[in-house]
Amino acid sequence: MTGISDFRSIEEYRQWLRMDRLFSRYPVDRIRRWGLSRLPEVRSMVNGDYFQRLLDDWESALHDPDPSGLRSVALDTTSYGINMRQNNPLSGLLGEEENWRIIKESRDEQRAVLSPAARIG
């Protein structure tokens, strides 16, 4: 199971949690429509060949008829997946309340992970 210790920062973990929530709460078709409608706006704000290629990868995943491809890209825990989530057209689909819930849950998880280490030191 993926957890906070799989990431370099709490924000990287939160970005992953947001994608995980999207795919557990919304139909893939809705996620696809949202991403494709936001892609031009995100593309206009991104500079550099590398980041444009990441958006090309998002576009390919959003057009892929196999939903597992899009899910795989969104939940990839490698540096590639982290970079993809930092430049993603899916942001904004989760509501504010859900985003606050993710922040709270990730903070709680961070405390639980750090707590035993603090007692050892």
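Nothing in this text is a laboratory measurement; each read-out follows from the coordinates by a stated rule. As the structure is a computational prediction, the values presented were derived from the model and not from experiment. Every residue, glycine among them, receives a Cβ derived from its backbone with ideal geometry; neighbour counts consider all protein chains shown.
Largest mean-square fluctuation among SER106, SER72, SER91, in a Gaussian network model of the chain whose springs join Cα atoms under 10 Å apart, belongs to SER72.
Mean projection of the Cα convex hull over all viewing directions, computed for the stretch 15-78: 4.4 nm².
Remark: the stretch 1-116 carries a charge dipole of roughly 260 debye about the Cα centre, counting +1 on each Lys and Arg Cβ and -1 on each Asp and Glu Cβ.
The angle between the Cα long axis of helix 49-63 and the longest principal axis of the Cα atoms of the chain comes to about 80 degrees, rounded to the nearest 10. Normalised Debye scattering of the stretch 55-121 at q = 0.20, 0.27 Å⁻¹ gives log10 I(q)/I(0) of -0.92, -1.13, counting only Cα atoms as equal scatterers and leaving out solvent. With angles folded into 0 to 90 degrees, how steeply does helix 28-45 sit against the dominant principal axis of the chain? Use alpha carbons for both and round to 10. Result, in degrees: 80. Axis angle, to the nearest 10 degrees, between helix 10-25 and the longest C-alpha principal axis of the chain: 60 degrees. The tail of the calculated P(r) for the chain beyond 25 Å holds 26 percent of all Cα-Cα pairs.
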